[in-house]
Amino acid sequence: MDFITEIKTKIQNILNILKGLFKTKNKNKLTIGFFGSPNVGKTSLANRICIDAGEDPIGNVSVIPHETREILRKEGVTINIGDAKLSMNILDLPGVSIKVDYREFLNYGLSIDEAQERAREATKGIVEALKVMEKVDAALVILDSTQDPRTQVNITLLGAMEAREIPFIIVANKIDLENSNVDRIKKMFPEYPIVAVSALTGKDMDKLYNKIKENIR
Amino acid sequence: MYKCIVCGRTYPNDYDITKPCKCGSKILVKINDKKGEPDISFDGRVENITVKTKGIFEININSIITEKTIVIKDESNIYYVKVPWKPNTGIE
């Protein structure tokens, strides 16, 4: 081996080591935000992933909209996919909506004061959820597959992520329900990666983990 | 006028926005015809959160994403400006 070839080989080795170091760093720091409207199952999905990873659930779930009103964070959640490991930091975000009305909460037995305070916290949570977009490495946009996906929230979130080149996967949740319609979501967003799951039962979560590995890692 | 956020093609106001752009993207945003910029202020409003009455809020999610400032208009037409908004995520 001549001198120049030897130098080139050494430089290439150093570059490979540096590349590996940065890759490992990114792997350990990968932060995934869970975006979507209220009550689509963001916290249920985050809890399911935590449970699959042998961790405690990240937060409480409730039928009352806007149960998650501040960002919930869980670091270093690791899922085994065959021989590979998928490690991530989870940011479970407050649900995004274009209107928050305390009167909606009164139907669930809250007092007027409690409902108004919940509405105030929910609005603050929406701002936090939208502003955190610029901080995440990747996103899961969770949709309720029983609902019409053509909403201002869904279109705005997906458009903003596409414009910012944030890798994302659409998660069509609640496929355990009879009126689930995943095809409607696929027709609406044919160019985006979509995985259909049930966070409640755990159905097809392995497909989601593989999709994250393929599209985000 | 509508503008594709991926390739930048523009379409007239009467364009059926349920149809995708020629590039395949399905996300078209309404833009200001004169300036050619996204019409993020919606009808000229500067606020991105409107307090209709105590406990009822209207949120302009598009402008919250795109603008650094948060402008809140309360029920007495008083404006509050928060600059800049930094979410408490623990992420550096």
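The values are calculated or read from the model by the stated rules, or taken from the named source; none is laboratory data. Note that the structure is predicted; figures quoted are calculated from it, not measured. Heads up, the Cβs are rebuilt from the backbone with ideal geometry, glycines too, and the neighbour counts pull from every protein chain shown. Just so you know, the surface numbers come from the protein's heavy atoms only, side chains and all, with ligands and any DNA or RNA stripped out. Shrake-Rupley method; radii C 1.70, N 1.55, O 1.52, S 1.80 Å.
Set the bar at 20 Å for Cα to Cα. Now go through A:K124/B:K54; A:K135/B:K30; A:K99/B:K73; A:K42/A:K124; A:K42/B:K54; A:K99/A:K187 and name every pair that lies beyond it.
Numbers: A:K124/B:K54 14 Å; A:K135/B:K30 26 Å; A:K99/B:K73 14 Å; A:K42/A:K124 18 Å; A:K42/B:K54 27 Å; A:K99/A:K187 27 Å.
Violating the 20 Å Cα-Cα cut-off are A:K135/B:K30; A:K42/B:K54; A:K99/A:K187.
Just checking the output field for A:107-119: average partner chain Cβ neighbours within 10 Å of each residue's Cβ? Could the numbers behind the result be given before it?
Details: counts 0, 0, 0, 0, 0, 2, 2, 0, 1, 4, 1, 1, 5.
Counting other chains' Cβ atoms within 10 Å and averaging over A:107-119 gives 1.
May I ask you to rank A:Y209, A:Y102 by accessible area, largest first, using a 1.4 Å probe over the protein chains only? Before the final figure, lay out the partial values.
Working: A:Y209 15, A:Y102 40 Å².
Heavy-atom accessible area, descending, gives A:Y102, A:Y209.
Give the long-range amide H neighbours of A:K99: residues separated by 5 or more places, or on another chain, with amide H under 5 Å away, using H modelled in the peptide plane at 1.01 Å from N.
Here the answer is B:I59, since their amide H atoms fall under 5 Å of that of A:K99.
Would you pull out the residues with amide H under 5 Å of A:A139's amide H, same chain only if 5 or more places away, H placed 1.01 Å from N?
Hits under the 5 Å cutoff: A:G33, A:F168, A:I169.
For chain A, what is the mean residue ellipticity at 222 nm derived from helices alone (per DSSP H run of n ≥ 4: -39500 (n - 2.57); sum divided by total residues; nearest 500 deg cm²/dmol)? Mind showing how you got there, number by number?
On the way: 7 runs with 92 residues, N = 217.
Mean residue ellipticity at 222 nm (helix-derived): -13500 deg cm²/dmol.
How much net charge surrounds A:E165 when only the other residues with a Cβ under 13 Å from the Cβ of A:E165 are counted, with Lys and Arg +1 and Asp and Glu -1? Walk me through the intermediate numbers first.
Details: positive: A:R164; negative: A:E134, A:D137, A:E162.
That works out to -2.
Once amide H atoms are built 1.01 Å from N in the peptide plane, which residues 5 or more positions from A:G41, or in another chain, come under 5 Å H to H?
The list, which skips near neighbours in sequence, is empty: none.
Can you compute 3J(HN,Hα) from phi for each residue in the stretch A:165-172, using the Karplus curve 6.51 cos²θ - 1.76 cosθ + 1.60 with θ = phi - 60°, rounded to whole Hz and x for Gly and Pro?
Whole-Hz 3J(HN,Hα) from phi for the stretch A:165-172: 6, 8, x, 8, 10, 7, 10, 8.
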